[in-house]
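Below is one structure, written out as structure tokens; comments come after it.
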Amino acid sequence: MSNEKLVTVSVIKADIGSIAGHHKVHPDTMAAAARVLAEAKRKGLIIDYYVTHVGDDLELIMTHRKGVDNPDIHGLAWDAFKKAAEVAKELGLYAAGQDLLSDAFSGNVRGLGPGVAEMEFEERPSEPIVVFMADKTEPGAFNFPIFRIFADPFNTAGLVIDPKMHDGFKFEVLDLYEGKYVILNAPEEMYDLLALIGTPSRYVIKRVYRKRDDEIAAVVSSEKLNMIAGRYVGKDDPVAIVRAQSGFPAVGEILEPFSFPHLVAGWMRGSHWGPLMPVSLRDAKCTRFDGPPRIVALGFNVTRGRLIGPVDLFDDPAFDEARRLAQQIADYMRRHGPFMPHRLSPEDMEYTTMPQVLEKLKNRFVEAKDYTKAGQGRTQGETYE
Ligand code: 13P
Ligand code: 13P
Ligand code: MG
Ligand code: MG
């Protein structure tokens, strides 16, 4: 576990409440979380940390030598969220404590509400990483870009050119409904992989490994809040960590898929499809129809465990056109109002408050055969109660 050669990057996030609706984390809650992490750094539990937010999601980026799923690290994140939630409650912020679904921490934040992406590796002489953080969407939103980064040579030139990547990558896919994993190899099993991950509400890419040496390349948070809480309490705004350069995709190849604002599930009330808009930290806040869904990319170098950075990678005019296209898609989708395919499918609406509305209409339905016999369409409302 405590191997000095290995470093772990843990990105743990939670929505602990936000100012003026589901808009944006309050700076005082970030400060409360940062104080907890600063103390842990002083004591040597973590090597380094960076606290930030994307929309209403508080993001803790930490480095340490304790490996993934470590109870001390998860406990630390839980404490930081608890402290931040206390401030949120005191300030009367909206949905204070939203993602802290349980009072009982028992060694791991998984299943309690927060989202987690963690990877442990031996640091290369230079270790660039990209941390992605999204708001108003779900873990499956990463299926499309992660596939393109690690399996699509039209996106990633390195798959063709770099001998270290030329064998391809292994994709660990999680079936969220069954709680089962399958590993598929790209390029050989690319079509099988796509058959699964094209259903992002059910199958999510959890991890990616480089095939030639099994080095970890990427990890995505996969927590689904509705599966934990049994009802809609907010979307499962996901995070991901991707390693870059020297045998992994270049940073530019990692960012490239986001030049196309693909449609993701989330947005207003977690119930609508909308374009994923790549933004800088400055614009990491959701406004229009509580969106559109946004994603931030922060670049770091991990150096002897320290987090050097960040650089705000989408803070660049090179992504202006993607943002403009996202606006146009947002206009187009919004015009559908409450109609599918803007609104999610009935299965995905199951965890929202819509079943309560449908419940009210249940007794007003009449068997079709009785209905036509009686020809009672004209008097409906008087007859059927
Ligand atoms: P590396 O192989 O050093 O990561 O460089 C790739 C590259 O040329 C980036 O465009
Ligand atoms: P969050 O999942 O970001 O809290 O958003 C909830 C919501 O319902 C937005 O309309
Ligand atoms: Mg929220
Ligand atoms: Mg959110």
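So here's what we get for this one:
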read-out	value
From the options K41, K89, K66, residue that is in a helix (DSSP H, G or I), over 21 Å from the mean Cα position of the chain (by Cα), touching a residue at least 40 places away in the same chain (Cβ under 8 Å) and not assigned by the TED database to the domain that holds D237	K89
Residue tally, condition over 21 Å from R202 (Cβ atoms) and either within 16 Å of ligand 3 (Cβ to nearest atom) or buried (at least 20 other Cβ atoms within 10 Å of the Cβ) (or both), over the range 258-287	11
Meets criteria (assigned to a loop (DSSP other than H, G, I, E, B) and more than 16 Å from ligand 4 (Cβ to nearest atom)) for G97	no
Residue that is nearest to E127 (Cα to Cα), among those in the range 1-23 that are surrounded by fewer than 20 Cβ atoms within 10 Å (Cβ to Cβ) and within 20 Å of the chain's Cα centre (by Cα)	H23
Positions within the range 288-297 being of a type outside the set (K, R) and buried (at least 24 other Cβ atoms within 10 Å of the Cβ), in sequence order	G291, P292, P293, I295, V296, A297
Test for K170: is it within 16 Å of ligand 3 (Cβ to nearest atom) and at pLDDT 95 or above	no
Strands (runs of 3 or more DSSP E) contained entirely in the range 111-185, each with at least 3 residues that are outside the structural domain of P249 (by the TED database)	115-122
Enumeration of residues in the range 324-347 that are of a type in the set (D, E) and farther than 23 Å from T287 by Cα	E347
Residue list for the range 49-63, filter: more than 17 Å from the chain's Cα centre (by Cα) and within 16 Å of G299 (Cβ to Cβ)	Y50, T63
Residue identified as farther than 26 Å from I216 by Cβ and touching a helix residue (DSSP H, G or I) at 6+ places or on another chain (Cβ under 9 Å) among L58, L101	L101
Restricting the range 237-247 to residues that are within 21 Å of V204 (Cβ to Cβ) and touching a helix residue (DSSP H, G or I) at 6+ places or on another chain (Cβ under 8 Å), the residue that is farthest from ligand 4 (Cβ to nearest atom)	V242
Residue check for G97: touching a residue at least 60 places away in the same chain (Cβ under 8 Å), within 22 Å of K206 (Cβ to Cβ) and surrounded by fewer than 23 Cβ atoms within 10 Å (Cβ to Cβ)	no
Tabulated pairs, the range 265-278, first among the basic types (K, R), second not in a strand (DSSP E or B), C-beta under 7 angstrom, 6+ apart or interchain	R269/T352
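The values are calculated or read from the model by the stated rules, or taken from the named source; none is laboratory data. What you are looking at is a predicted structure, and each value in this text was computed from that prediction instead of being measured. Cβ sites come from the backbone with ideal geometry, for glycine too, and all protein chains shown count toward neighbours.
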